[in-house]
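For reference, the structure is listed below as structure tokens.
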Amino acid sequence: MNWRSKQLWLDLITGARKLSNFFWALTVFLGSLGFLLVGISSYLGTNLISFVPSQPIPFFPQGIVMSFYGIAGLFISCYLWCTIFWNVGSGYDRFDRKEGMVCIFRWGFPGKNRRIFLQLWLKDIQSVRIRVKEGLYARPVLYIDIRGRGVFLLTRTDENLTSREIEQKAAELAFFLRVPIEIF
């Protein structure tokens, strides 16, 4: 969701609470649970999962390997669910011409630096940059160039915006901030 007026530009950033992340966290959890149950079934010599026969799977080495994959997958699944629960990466970008300030806020992982808050003067923004990342999935990315601090990423790396949408957003933001656009 975005909100814009003549003096204020506010972009809300979605974090880890997306449908695709829920899908992958659930898929990894169910798959790793299946691996672990097959490994335990091969150790006990009984079927804990009725539709997967465990008798032909010897515990050493296949059962051990499947148990290891199951435990590793449960750790990865736990990490994914924690990331979703804490909504890592969510926040906002606020450009306020009336106060002359830029506020960039993101939620991180719990700890000392969970709240990531960057506050700058509008006059320190030199330009809005568009950079096309090369590779198999080439796509444009939007940055702001800050005097003395380098560049700061504004679009998420997993955001699927077309080149036209990025260019339009960059043009509108550059017009709002009254700075030039640079393309790299």
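Here are a few things to note about the model shown:
- Residue match in the stretch 92-107 (condition: among the charged types (D, E, K, R), touching a helix residue (DSSP H, G or I) at 6+ places or on another chain (Cβ under 7 Å) and either surrounded by 15 or more Cβ atoms within 10 Å (Cβ to Cβ) or at pLDDT below 95 (or both)): yes
- Strands (runs of 3 or more DSSP E) wholly inside the stretch 83-143 that include at least 1 residues being within 25 Å of Phe184 (Cα to Cα) and free of Cβ contacts under 8 Å to residues at least 12 places away in the same chain: 125-133
- Residue check, Leu12 over 21 Å from Thr155 (Cα atoms), aliphatic (A, V, I, L, M), out of contact with any Cys (no Cβ under 8 Å at 6 or more places or on another chain) and surrounded by fewer than 14 Cβ atoms within 10 Å (Cβ to Cβ): no
- Residue pairs whose Cβ atoms lie under 6 Å apart, sitting 6 or more positions apart in sequence or on different chains, and linking a residue in the stretch 28-39 that is assigned by TED's automatic domain parsing to the domain that holds Cys82 to a partner that is among the aromatic types (Phe, Trp, Tyr), are Phe35/Tyr69.
- Filter pass, Trp121 being in contact with a helix residue (DSSP H, G or I) (Cβ under 8 Å, 6 or more places away or on another chain) and either surrounded by 15 or more Cβ atoms within 10 Å (Cβ to Cβ) or within 23 Å of Val179 (Cα to Cα) (or both): no
The values are calculated or read from the model by the stated rules, or taken from the named source; none is laboratory data. Model, not experiment: these values are computed from the prediction. Using ideal geometry, Cβ is built from the backbone for each residue, glycine included, and neighbour counts are taken over all protein chains shown.
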